[in-house]
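The values are calculated or read from the model by the stated rules, or taken from the named source; none is laboratory data. It should be emphasised that the depicted structure is a prediction, and the values quoted were computed from it without experimental measurement. Don't worry about glycine lacking a Cβ; one is built from the backbone with ideal geometry, like all the others, and counts go over all protein chains shown.
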Amino acid sequence: MANSGDDSDPAVDAGDTKLPPPPPKNDAKYMFLKFVNQKDEATYLKVLRKAPISKAFEKYYHSNHIQFGINRFLFQGNRIHPNCSQTPIDLGIQDRDQIDVTGEVNGGAPLN
């Protein structure tokens, strides 16, 4: 399901969080990414292959009504900075790949 509002970013379309994306189309311009949070809830986003990955992160926050910057994004166990200007292609991300979303953890000092 595409986001049809005037404030939508042409680089990313939000998908329905409950339904998988449509079958592959071998689209040279777009790719689908699956974002999975710690509750195993999936959000599917349609992303321009040549747009910065940060655009997809912004859309993830917007489509899930989450404050920007409170999550960490991981691809194959490696963190992707939320302001990363690299494209999915630059990062080795392919169509239908999964990006794991975790909560930010601060601290680590012992309690006395």
> Looking at (1) within 14 Å of Phe35 (Cβ to Cβ); (2) in a loop (DSSP other than H, G, I, E, B); (3) among the polar types (S, T, N, Q), which is the only condition Thr102 fails?
Replying inline: (2)
>> So Val36 passes all but one of these: (1) modelled with pLDDT under 95; (2) more than 17 Å from Asn83 (Cβ to Cβ). Which condition number does it fail?
In response: (1)
>> So Leu74 ticks every box in (1) assigned to a strand (DSSP E or B); (2) aliphatic (A, V, I, L, M); (3) at pLDDT below 95 but one. Which box is left unticked?
In response: (3)
> So which residues in the range 75-112 are surrounded by 15 or more Cβ atoms within 10 Å (Cβ to Cβ) and of a type in the set (A, V, I, L, M), if there are any at all?
Replying inline: Ile80, Leu91, Ile93, Ile99, Val101
